[in-house]
Amino acid sequence: MEVWLIDGAVPTSSGQVLEQSYISLGALTSSNGAQVYTLPDGADASDFDAVIIWCEDFSVLFTVAPLS
């Protein structure tokens, strides 16, 4: 599973994720507890609308956290 930042409407389905722009922050490091991910050079978190946990292998959306 990966952590992605989504640019656009906060997705509620896997299909909506695939229709939007995103950047991957890398593999999910743990299934619980605090985690820290580094933004790629040139990326600005304020340009994105949500963080998602995504399964790349099966194109499955696990959870969404809207950014404000």
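The values are calculated or read from the model by the stated rules, or taken from the named source; none is laboratory data. Owing to the predicted nature of the structure, the values given are computational and were not obtained by experimental measurement. Ideal geometry is used to build each Cβ from the backbone, glycine not excepted, and the neighbour counts take in all protein chains shown. To get the accessible areas, we keep the full protein, side chains included, count just its heavy atoms, and leave off ligands, DNA and RNA. Shrake-Rupley method; radii C 1.70, N 1.55, O 1.52, S 1.80 Å.
Worth pointing out:
- Think of it as helices only: each DSSP H run of n ≥ 4 in the chain is worth -39500 (n - 2.57), and spread over all residues that comes to -1500 deg cm²/dmol at 222 nm.
- Residue by residue, region 2-11 carries 3J(HN,Hα) couplings of 10, 9, 10, 9, 10, 10, x, 4, 5, x Hz when phi is fed to the Karplus relation 6.51 cos²θ - 1.76 cosθ + 1.60 (θ = phi - 60°); x denotes Gly or Pro.
- Dipole in debye (nearest 20) - the chain, about Cα centre, beta carbon charges: Lys, Arg +1; Asp, Glu -1: 240
- Taking θ as phi - 60° and the Karplus parameters 6.51, -1.76 and 1.60, the scalar couplings of region 41-46 work out to 3, x, 7, 10, 4, 5 Hz in sequence order, x denoting glycine and proline.
- Per residue value of the accessible surface for the chain (all protein chains in place, 1.4 Å probe), Å²: 64
- Choice from VAL36, VAL51, VAL17 with maximal GNM fluctuation in the chain (Cα, 10 Å cutoff): VAL36
- For the chain, the relative contact order works out to 41 percent when only alpha carbon pairs closer than 8 Å and six or more residues apart are counted.
- Projecting the Cα atoms of ILE6, SER30, CYS55 onto the charge dipole of the chain, computed from C-beta unit charges around the Cα centre, puts SER30 farthest toward the positive end.
- The chain, accessible surface, carbon-and-sulfur percent (1.4 angstrom probe): 52
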